[in-house]
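The values are calculated or read from the model by the stated rules, or taken from the named source; none is laboratory data. All of these numbers come straight from a predicted model, not from anything done at the bench. Cβ atoms come from the backbone with ideal geometry, glycine included; neighbour counts cover every protein chain shown. For accessibility, only protein heavy atoms count, side chains too; no ligands or nucleic acids. Shrake-Rupley method; radii C 1.70, N 1.55, O 1.52, S 1.80 Å.
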Amino acid sequence: MKTKIIFAYPAMMIGGSTTSLLSILNRLDYNRFDVDLLLNTHTGELLNQIPVQVNLLPPAKKYTSKKSDYLHRLLSPRYIWYWLKSRSIIRKSGYPIQGAQYREWKDIDFYRDIPGEYDVAIAFLEGDRCKFVARHVKAKRKIAWIHVNYIDAHFNPEYDRDTMCCFEKIVTVSEICKEVFCKSFPELSSRTVTIENILTTDYVRKRAGTESPIDIDKEYINLITTCRISFDSKGLDRAVDVMSQLLKEGYLNKIRWYIIGDGEDKIELEKMIKQGRLQDHIILCGMQINPYKYLIGQSLFFLPSKHEGKPMSVTEAMMMGLPALVTEYGSSHEQIRDGIDGMIVSNTRQGIYDGLKFIQEHPEKINTWKKNVLSTDYSNSEEFMKVVHLIEE
């Protein structure tokens with residue numbers, strides 16, 4: 001008899017967690033597993049990448065965002081109860097509830113219960129997906145996947161404590177994420193394991209192809225970033241400030257920075273680039289369904305993040321032969337050998353300044369790092385077997 005599994009996820013948007021989910025779905029043995037996928041909405045650029053063997057369930061949201069449904073939600077006793085509960089938690093803990101947690105009680109009456117019972121239910125994203133699986137899905141075993149550094153991402157553990165206790169296993173994507181999660185939930189330490197996001201070099205290079213869609217000037221040090229345009233987590237704003245300062249000091253003549261992605265701060269980012277007169281040095285390429293091909297011909301992958309879980313974009317770039325220049329987020333030393341296949345700078349504005357100035361003064365370092373990157377295999381296929389073992393445990 002097949003093991004019946006359900007994965008719960010928001011939507012098939014472009015991002016590291018979606019790539020990891022697709023990597024798992026594409027490698028599962030469907031002679032052994034019967035897999036359902038439940039999305040909040042059937043949206044996202046990667047929706048057509050779902051394997052044909054996966055049964056895509058109707059959307060989890062039972063109501064739309066129409067005015068009548070909005071009023072229905074506001075008048076729901078459960079909505080009011082959760083709103084009061086969240087206010088109480090914020091007051092007692094002294095700090096707010098993170099957005100992904102906030103969305104659950106905001107949309108509490110928009111979700112439907114899932115019929116039947118599963119052998120394994122997997123909430124493949126932190127926040128509202130965990131609460132959804134805990135409350136709306138029946139399963140013999142439940143597993144939660146945490147892709148962020150719980151504390152750096154400003155999650156409020158008091159709001160999640162009851163929910164996380166419903167899970168037999170909690171998966172984190174790096175050792176530092178596990179350490180931080182266990183500090184927030186010491187009672188769940190024995191249930192928490194680390195499984196890295198799954199990715200292979202062959203997959204990345206095959207998707208990338210051989211030609212870049214942009215004309216790259218080799219006279220420049222070309223930086224590329226693929227990420228959600230969010231100042232709170234990705235720190236793009238402070239990197240723009242640094243580049244503006246370097247321009248004034250005459251240190252930006254040979255740097256171009258390409259940014260692939262979209263997000264809530266895109267308009268503000270465009271304003272900052274214009275105000276800093278950086279249009280010749282920072283190029284916004286927008287959201288791309290296949291960002292891998294934009295990595296071709298670049299000099300360095302640049303990630304000035306304030307906090308991260310374990311960003312797949314860094315590993316993907318290294319699989320394409322690019323060294324990485326990153327700030328010191330929690331798992332940076334798990335991904336990059338500082339001074340060997342890239343450079344890790346302090347997670348400050350000054351650190352970013354020092355890093356960008358260093359690569360301009362020592363461009364020969366980039367070639368050394370590239371040689372080291374090209375001679376290293378960053379694939380982690382063995383992590384997939386940990387997933388299978390976890391499901392069948």
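A few notes on this one:
- Which listed residue is of a type in the set (D, E), over 27 Å from D215 (Cβ atoms) and touching a residue at least 12 places away in the same chain (Cβ under 8 Å), from E383, E316: E383
- Of residues in region 196-212 being among the charged types (D, E, K, R) and in contact (Cβ under 8 Å) with a residue 60 or more places away in the chain, the one farthest from Q298 (Cα to Cα): E196
- Yes/no for M343 being at pLDDT below 95 and out of contact with any Asp or Glu (no Cβ under 7 Å at 6 or more places or on another chain): no
- Exclusive hit being buried (at least 18 other Cβ atoms within 10 Å of the Cβ), modelled with pLDDT under 95 and in contact with a helix residue (DSSP H, G or I) (Cβ under 8 Å, 6 or more places away or on another chain), set P323, P311, P304: P311
- Applying the set (1) surrounded by 17 or more Cβ atoms within 10 Å (Cβ to Cβ); (2) out of contact with any helix residue (DSSP H, G or I) (no Cβ under 6 Å at 6 or more places or on another chain) to Q275 leaves exactly one unmet item: (1).
Residues checked against (1) under 21 Å from the mean Cα position of the chain (by Cα); (2) hydrophobic (A, V, I, L, M, F, W, C):
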{"site": "S332", "(1), (2)": "yes, no"}
{"site": "I340", "(1), (2)": "no, yes"}
{"site": "R349", "(1), (2)": "no, no"}
{"site": "I359", "(1), (2)": "no, yes"}
{"site": "K365", "(1), (2)": "no, no"}
{"site": "W369", "(1), (2)": "no, yes"}
{"site": "N372", "(1), (2)": "no, no"}
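- Single unsatisfied condition, I216 versus (1) of a type outside the set (D, E, K, R); (2) closer than 20 Å to G342 by Cβ; (3) open to solvent by less than 20 Å² (accessible area, probe 1.4 Å); (4) assigned to a loop (DSSP other than H, G, I, E, B): (3)
- If you filter region 219-251 down to residues that are among the hydroxyl-bearing types (S, T, Y) and either farther than 22 Å from I267 by Cα or surrounded by fewer than 16 Cβ atoms within 10 Å (Cβ to Cβ) (or both), you find that the one that is modelled with the highest pLDDT is Y220.
- Here is the figure for region 43-75: residues that are modelled with pLDDT under 90, surrounded by 13 or more Cβ atoms within 10 Å (Cβ to Cβ) and hydrophobic (A, V, I, L, M, F, W, C) total 1.
- Test for R87: is it part of a helix (DSSP H, G or I), out of contact with any helix residue (DSSP H, G or I) (no Cβ under 9 Å at 6 or more places or on another chain) and modelled with pLDDT under 85: yes
- Failed item in (1) in contact with a Ser or Thr (Cβ under 7 Å, 6 or more places away or on another chain); (2) open to solvent by 10 Å² or more (accessible area, probe 1.4 Å), with S17 passing the rest: (1)
- Pair list, Cβ < 7 Å and 6+ apart or interchain, from region 254-272 residues that are loosely packed, with under 14 Cβ neighbours inside 10 Å to residues that are of a type in the set (G, A, S) and in a loop (DSSP other than H, G, I, E, B): E264/S230
- In region 117-131 there is at least one residue that is in contact with a Lys or Arg (Cβ under 8 Å, 6 or more places away or on another chain), open to solvent by less than 10 Å² (accessible area, probe 1.4 Å) and over 19 Å from D36 (Cβ atoms).
- Whichever residue in region 29-40 is modelled with pLDDT of 95 or more and not in a strand (DSSP E or B) and, among such residues, is most open to solvent (accessible area, probe 1.4 Å): N31
- Restricting attention to region 345-387 and to residues that are touching a Phe, Trp or Tyr at 6+ places or on another chain (Cβ under 9 Å) and open to solvent by 10 Å² or more (accessible area, probe 1.4 Å), the residue that is farthest from V173 (Cα to Cα) turns out to be E361.
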